[in-house]
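Notes for the one structure printed next.
Only the coordinates and a few stated rules stand behind these numbers; no lab work does. Note that the coordinates shown come from a computational prediction; the quantities given were computed from them, not determined experimentally. As a convention, Cβ positions derive from the backbone with ideal geometry for all residues, glycine included, and neighbour counts pool all protein chains shown.
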Amino acid sequence: MKTATGELDVVRQRNLIATDLDARVREEGFKRRFAGYASQRDLLAFTLLHTVQAQTLLAKSHYYADAPRANTKPRL
């Protein structure tokens, strides 16, 4: 995308876009980045769902009720 400092890649240079002084550049960068996510939403949802299921099965194999409980440190 075009900025005052030149062309920036929305994926690789998202930090430069997010910190640009021009609010329009930040907004356009945000919209373009999330449009890319939206175009892959089924794949991302599938991956997230199966990751959560795998983490839950792993936690249960270690006798935890679920993954969040397995990832908490015991209180002293």
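Observations
- For the residues ALA65, ALA70, the requirement of being without any contact (Cβ under 8 Å) to a residue 24 or more places away in the chain, out of contact with any helix residue (DSSP H, G or I) (no Cβ under 6 Å at 6 or more places or on another chain) and of a type in the set (Gly, Ala, Ser) singles out ALA65.
- Filtered residues of segment 19-53 (kept if part of a helix (DSSP H, G or I) and either charged (D, E, K, R) or touching a Cys at 6+ places or on another chain (Cβ under 6 Å) (or both)): ARG24, ARG26, GLU27, GLU28, LYS31, ARG32, ARG33, ARG41, ASP42
- Condition met for LEU16 (under 18 Å from ASN71 (Cβ atoms) and in a helix (DSSP H, G or I)): no
- Filter result (touching a helix residue (DSSP H, G or I) at 6+ places or on another chain (Cβ under 6 Å) and among the aromatic types (Phe, Trp, Tyr)) within segment 1-57: none
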